[in-house]
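Participant: Sharing a structure below in structure tokens format, with a few things to ask.
The values are calculated or read from the model by the stated rules, or taken from the named source; none is laboratory data. Model, not experiment: these values are computed from the prediction. So basically every Cβ, Gly included, is an ideal-geometry build from the backbone, and we count neighbours across all protein chains shown.
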Amino acid sequence: MLKTAGGVSEPGEHAPAPDELRRQLRAILASPAFHGSKRSQQFLEYVCEKALHGEASSLKERTIAVEVFGRPPESDLGEDTIVRVSAREVRKRLTQYYQSPEGATAEVRIDLPSGAYAPGFHFAAPPAVVVPSLQAVAPTRRRLPRWTGAVLLAAVAAISAAVWLTAPNPNERAFRRFWAPVLTSQSPLLVAMAHPIVYHPSNRAIRMSEEGLPPLDVPAQRAIQVPAEKLNGSDLVPVFNQYVGFGDMVVATEVSTMLAGRGKGYRLRLASSVEFEDLRKAPALLVGAITNRWTMELQQSWRFRFLHLPGTKTVIADTAPGHETSQWSVPAKDDGSTLNDYLLVCRIHSHQTGGVILVGAGLKQFGTEAAGRLLADADQLGPILRKLPAGWESQNLQLVLHARVIGNTPAQPEVVAMQVW
């Protein structure tokens, strides 16, 4: 395999031409593996163009934070991990792309070596040539017992599962064992999305807000500006089952991309349209907290639960005897912004449904977004799982995590409480 690092050819090696690399880059950015993540697209395009212009040595964490993600030069990169998290996402998505039918046939390869931000460019290795045996095998007409095929299939499945659960990377190995009940299930994963109620302004409120303003030539959003005393309850029109939050969308995108890269199917539904029969004996991922009917319904026997307290406060509460006063909450402004968020990640073998239930949800959208990235990233979830008590692979587990929010982007979350049983 001929390989270059950071777009610079090694002596005596033939590297892909810049035009070939740019064509491959465009194909990668337009692929399903990258289509759902603008952040990953921006990161990969930036580092590739820098390398192609001979500036691979300038690809440092702070430079990328400033030029790609708009962070101030004085940012504390020990706290703001957006570059490191984005690099891991790009590596994961590149792997998924080259495992897809489109990427598997690509002659030119782009990768992002672990621990570096300069991409590698190389040609794909030629396929191995299999030389058929010249030894003739005499045909036989002996019929095998009917049960032989079933036994062979079972043996192949058992061997495949053993190989799949054994990975050289310990983070990847732990990650696979977390997802094993889903990925080895015969049923696709049901992703049940939160179904928030969104309030539209009435036509009357819109007309009052636009009085005296110039008409809009093109469709656009304009904030409603009407004195409070002129509005009444009828000016807030509830809209059901038409919207999802950004954090919820990130969970669905990240997890579905991860599943597609591993050859697993999924179904995406609003939780409001999911019936209990849909959950029976099938794996399900519940996205969202109090806006997801099934999260609130199925959590009643769990130790860590979402509670909506009088007023507008939502908390994650520890319901274990002697721990009832342990609660995690976040102060939030009226516009929904906050500097911190807490999230709950669960994998539970439910006695109610007979299948495995996963949960990824935050108190705010930022925690839900962090949950989605954690659930789909072996390098984030793996180190957490490796610290759990022995035997966790076959048990139920709940993780309460905290994530700082920097510029409306959640940092990598840290565990503050857990339960394995």
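Participant: Residues in segment 90-103: is at least one assigned to a loop (DSSP other than H, G, I, E, B) and surrounded by fewer than 18 Cβ atoms within 10 Å (Cβ to Cβ)?
Facilitator: Here is the first cut: in segment 90-103, the residues assigned to a loop (DSSP other than H, G, I, E, B) are 100.
Remaining after also requiring surrounded by fewer than 18 Cβ atoms within 10 Å (Cβ to Cβ): 100.
Yes, segment 90-103 contains a residue that is assigned to a loop (DSSP other than H, G, I, E, B) and surrounded by fewer than 18 Cβ atoms within 10 Å (Cβ to Cβ).
Participant: Could you list, in sequence order, the residues of segment 363-421 that are of a type in the set (Asp, Glu) and not in a loop (DSSP other than H, G, I, E, B)? Break it down into steps so the answer makes sense when it comes.
Facilitator: Pass one, segment 363-421, residues of a type in the set (Asp, Glu): 369, 377, 379, 393, 414.
Across segment 363-421, the qualifying residues are 369, 379, 393, 414.
Participant: Given 196, 238, which one is under 29 Å from residue 269 (Cβ atoms), assigned to a loop (DSSP other than H, G, I, E, B) and modelled with pLDDT of 85 or more? Walk me through it before giving the result.
Facilitator: Numbers: 238 fails: assigned to a loop (DSSP other than H, G, I, E, B).
Within the list 196, 238, the selection yields 196.
Participant: Another question, then. Of everything in segment 290-312 that's closer than 21 Å to residue 182 by Cα and assigned to a loop (DSSP other than H, G, I, E, B), which residue is nearest to the chain's Cα centre (by Cα)?
Facilitator: Going through the qualifying residues, I end up with 292.
Participant: Also: From the set of residues in segment 243-289 that are more than 16 Å from the chain's Cα centre (by Cα) and of a type in the set (Asp, Glu), which is farthest from residue 353 (Cα to Cα)?
Facilitator: 275
Participant: Then there's this: Got at least one residue in segment 273-285 being modelled with pLDDT under 95, part of a helix (DSSP H, G or I), buried (at least 18 other Cβ atoms within 10 Å of the Cβ) and not aromatic (Phe, Trp, Tyr)?
Facilitator: Yes.
Participant: Considering only residues that are within 17 Å of residue 23 (Cα to Cα) and in contact (Cβ under 8 Å) with a residue 40 or more places away in the chain, which ones fall in segment 71-99? Working first, answer last.
Facilitator: Initially, segment 71-99 is screened for residues within 17 Å of residue 23 (Cα to Cα), giving 94, 97-98.
Scanning segment 71-99 gives 94, 97.
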